[in-house]
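Please read the structure below before turning to the comments.
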Amino acid sequence: MKIGCHGLVWTGTYDADGIRHAVRKTRDAGFDLIEFPIMDPFSFDVATARAALDECGLAATGSLGLDESTDISSEDRSAVRAGEALLDRAVDVLAELGGEHLCGIIYSAMRKYMEPATPQGVANSQAVIGRVAERARQVGIKVSVEVTNRYESNVLNTARQAREFVGKVGDGDVGVHLDTYHMNIEETDMFSPVLDTAELLSYVHIGESHRGYLGTGSVDFDSFFRALDRIGYDGPVVFESFSSAVVSPDLSRMLGIWRNLWSDSDELGAHANAFIRDKFTAIASIGHH
Ligand code: MN
């Protein structure tokens, strides 16, 4: 199992200097893996990222949220086409990085919708995700759809919805990506969604209820980690946190990051790495009971 950190803990600027900084800081905090925000895979500096990963001995994954111009859950064919092209490029970027996972809000735009998703829109999304996942599978990359709260998408807000969604995608081998921050808003508890998606669960985000320091909010992490242990989860477990101290033009405003919940990324990252590893150390002892 690899314990990772989302790149926006370190910087909101993903030019060459930002990439090198984020990768080195992720290593220094003790993580095994960095999740790159690849909102624009067409401009992502793959060569710099690859060199930094090699220097630091880290693995990489990639995530993104689509926008209105690339919304594959819309009924606008040009947006659906643009979204598929963007996701195809994201797969290429990850293949060039040696990454094994593409995840996030890749099945719709990442935004507050004012209407429910339409059946045609969801079908469009499933068709694109199926093709992208099949293409990704051929280069060793797993595609996972992130279940998010109602204010960030209208397509997948619960684990059961995600299970139904990927069940209709066909043979693309699409996984489910759960995030404790979103689960804490939408799910009945922190245990059932993990069991409900057990064999489909392929990616995990660890976020606190306010997206700040782990252990200072209302997320029931103990139940969540016990559930991961119960299903024998072995995929990436990635810390995600946002503060107005680090601003990404593409992400921070959409996610409503208006407050400064931390200012010292080094301390935050090292704390999260220890917090997550300590939970796994403790639950491993359950086998003795
Ligand atoms: Mn997340």
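The values are calculated or read from the model by the stated rules, or taken from the named source; none is laboratory data. All figures in this text were calculated on a predicted structure; none of them were measured in a lab. Glycine gets a Cβ as well: all are built from the backbone with ideal geometry, and neighbour counts include every protein chain shown. In case anyone asks, the SASA skips ligands and DNA or RNA and just uses the protein heavy atoms, side chains included. Shrake-Rupley method; radii C 1.70, N 1.55, O 1.52, S 1.80 Å.
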Listed residues ILE3, VAL219, SER244: farthest to the positive end of the dipole of the chain (Cβ charges): VAL219
Heavy-atom accessible area order for LYS2, LYS279, largest first, 1.4 Å probe: LYS2, LYS279
Could you order MET114, MET1, MET39 so the one with the most accessible surface comes first? Probe is 1.4 Å. MET114, MET1, MET39
How much solvent-accessible surface does PHE36 expose, in Å² to the nearest 10, with a 1.4 Å probe and all protein chains in place? 0 Å²
Long-range amide H partners of SER63, meaning residues 5 or more apart or on another chain whose placed amide H is closer than 5 Å, are PHE36, ILE38, CYS103
Tell me the per residue accessible area of the chain using a 1.4 Å probe; a whole number in Å² is fine. 42 Å²
With all protein chains modelled, accessible area of ARG253 [1.4 Å, Å²]: 150 Å²
Name the residue from LEU94, LEU53, ALA79 whose Cα lies farthest towards the positive end of the charge dipole of the range 1-102, charges +1 on Cβ of Lys and Arg and -1 on Cβ of Asp and Glu. LEU53
Please give the length that would be gained between SER78 and THR13 if that part of the chain were fully extended, namely 0.36 nm times their separation in residues minus their C-alpha to C-alpha distance (nm, one decimal). 20.5 nm
With every protein chain present, what accessible area does SER243 have (1.4 Å probe, heavy atoms only), rounded to the nearest 10 Å²? 0 Å²
Summarise the accessible area of the range 44-128 (1.4 Å probe, protein heavy atoms) by the percent that is carbon and sulfur. 50 percent
